[in-house]
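Presented below is the structure to which this report refers.
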Amino acid sequence: MSEALTLHEYARSGNCYKIRLTAAHLGLPLERREYDIMKGETRTAEFLATVNANGRIPVLQIGDRFLPESNAACWYLAEGSRLIPEDRFDRADMLRWMCWEQYNHEPTVATMRFWKAFLGLDKLNEGQRAQLESKWLAGEAALCLMEKHLAEHDWFVGGGLTLADICLYAYTHVADEGGFVLSRYPAVQAWLARVAAEPGHVTISA
């Protein structure tokens, strides 16, 4: 890629980590700009006017253009690479898992992590406390679905690592920080080990 790549991020975020992990597997250099979401740094007038009017990160900057949404940024980086299957059905199936991650997995597993490890359960407002049980149950359901799939497949799509694995790995491997017990999901644990053993892998703290 000829244009410079800059990741506007909060490093502890799994959504930001997905993009770094995708870039690492592809050997793509990323400049990183950190924002403290706990201090509202993505809600400033400057950020909203220049980076993302939605006030969220990650945002992948490509030259002078800005691409929000983590899975879209991962796709941009990986297009034409081994991380996106050549087979038409497999590509669609990969996209299915990436959509499922954003609609079923991230809103539960990631939200529980944020509430417990970042905010603190004692700091939750009344509305958040009212959702705790439903979020936890939905997160367990997501992990159970992953367990069932991975009991029969080494990877989410095809015979090797794809963006589906990268996007699901980001929050699953730290799900224990949200109170989920990963030892209850041996197939998920084995898959996490396979992803982490892939050449080019970097940790969330790297």
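Computed from the coordinates by the stated procedures, all read-outs in this text should not be read as laboratory data. Fair warning: this is a prediction, and the values are worked out from it, not measured in the lab. Here Cβ is always computed from backbone atoms with ideal geometry, including for glycine, and neighbour counts include all displayed protein chains.
The helix-based estimate of mean residue ellipticity at 222 nm for the chain, built from -39,500 (n - 2.57) per DSSP H run of four or more residues and divided by its residue count, is -13500 deg cm²/dmol to the nearest 500.
Please give the net charge around ALA117, taking every other residue with its beta carbon less than 10 angstrom from that of ALA117, where Lys and Arg add +1 and Asp and Glu add -1. Present the calculation step by step, with values, prior to reporting the outcome.
On the way: positive: ARG12, ARG113, LYS116; negative: ASP176, GLU177.
Every neighbour counted, the sum reads +1.
The calculated P(r) of segment 97-177, using every Cα pair and 10 Å bins from 0, goes 18, 49, 24, 9, 1 in percent. Once backbone amide H atoms are built at 1.01 Å from N, LEU67 has LEU60, GLN61, ILE62 as its partners under 5 Å, excluding neighbours fewer than 5 places away on the same chain.
Remark: relative contact order (the chain) = 25 percent; criterion is Cα-Cα distance under 8 angstrom and separation of 6 or more residues.
Listed by chain and number, the lysines whose C-alpha is less than 17 Å from the C-alpha of LYS39, apart from same-chain residues fewer than 8 away, are LYS123.
Calculated over segment 1-62, the projected area of the Cα convex hull averaged across directions stands at 4.2 nm².
Max-minus-min Cα coordinates of segment 45-161 on each principal axis give 47, 44, 18 Å, with the largest extent listed first.
Given the convex hull over the Cα atoms of segment 157-196, what projected area results after averaging over all orientations, in nm²?
Directional mean of the projected Cα hull area for segment 157-196 stands at 2.8 nm².
One equal scatterer on each Cα of the chain, no solvent, Debye formula: the resulting log10 I(q)/I(0) at q = 0.09, 0.10, 0.15, 0.19 Å⁻¹ is -0.35, -0.43, -0.98, -1.46.
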